[in-house]
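Inspection log for the structure reproduced underneath, given as structure tokens.
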Amino acid sequence: MKRKTSLILSLTLLFYLIIYLATSKVVPCEGDCAKTYGLDTILRNKYKYYLQSFRCARTYSTDTLCVYVKDTTGINWDRFSDTVCMYAKSVGLSSQILLIMNNGVLPPDTLARKRCP
């Protein structure tokens, strides 16, 4: 009887674990993925015109970050790229190449380029 009860309990926990992982909005990741996700979270919470950032690995080198924004008038994109470099360094992404891209047009327009120290 104990073995049957523990088997049922184990299967129930496994079922709920699978449901949790399948419905979780945040996919667990490590290393560079966690760092880029940390940068994305910081920028999303601070800037309304920020959309997303990720690696531009298909067309650029692996140390290049594409930062997609809404093209908002009055924003100095060079200063914004300096700010993104500062936040990138704070999460452990040093020596990055940033491309600030306008997401409102196809193909996306590059608003600023920056090589972070």
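The values are calculated or read from the model by the stated rules, or taken from the named source; none is laboratory data. Just so you know, these numbers come straight off a predicted model, no measurement behind them. Because the Cβ atoms are built from the backbone with ideal geometry, glycine has one as well, and the counts that use them run over all protein chains shown.
Any residue in region 61-69 that is in contact with a Pro (Cβ under 8 Å, 6 or more places away or on another chain) and over 14 Å from Arg115 (Cα atoms)? Yes; the residues of region 61-69 include at least one that is in contact with a Pro (Cβ under 8 Å, 6 or more places away or on another chain) and over 14 Å from Arg115 (Cα atoms). Among the residues examined, Val91 qualifies as under 20 Å from Tyr37 (Cα atoms) and of a type outside the set (S, T, N, Q).
One residue stands out in region 58-88 among those that are more than 13 Å from Thr36 (Cα to Cα) and of a type in the set (Gly, Ala, Ser): the one that is surrounded by the most Cβ atoms within 10 Å (Cβ to Cβ), namely Ser81. For region 62-80, does any single residue satisfy the condition of being modelled with pLDDT of 90 or more, in a helix (DSSP H, G or I) and under 13 Å from the mean Cα position of the chain (by Cα)? Scanning region 62-80, I find no residue that is modelled with pLDDT of 90 or more, in a helix (DSSP H, G or I) and under 13 Å from the mean Cα position of the chain (by Cα), so the answer is no.
From the set of residues in region 1-40 that are of a type in the set (Val, Ile, Thr) and either surrounded by 13 or more Cβ atoms within 10 Å (Cβ to Cβ) or not in a helix (DSSP H, G or I) (or both), which is modelled with the highest pLDDT? Steps first, answer last, please.
First, the residues of region 1-40 that are of a type in the set (Val, Ile, Thr): 5, 8, 12, 18-19, 23, 26-27, 36.
Cutting the leftovers down to either surrounded by 13 or more Cβ atoms within 10 Å (Cβ to Cβ) or not in a helix (DSSP H, G or I) (or both) gives us 26-27, 36.
Details: Val26: 63, Val27: 61, Thr36: 89.
Across region 1-40, the extreme among qualifying residues is Thr36.
Go over the candidates Met86, Met101 one by one and state the one that is out of contact with any Gly (no Cβ under 9 Å at 6 or more places or on another chain) and in a helix (DSSP H, G or I). Matching residue, one of Met86, Met101: Met86.
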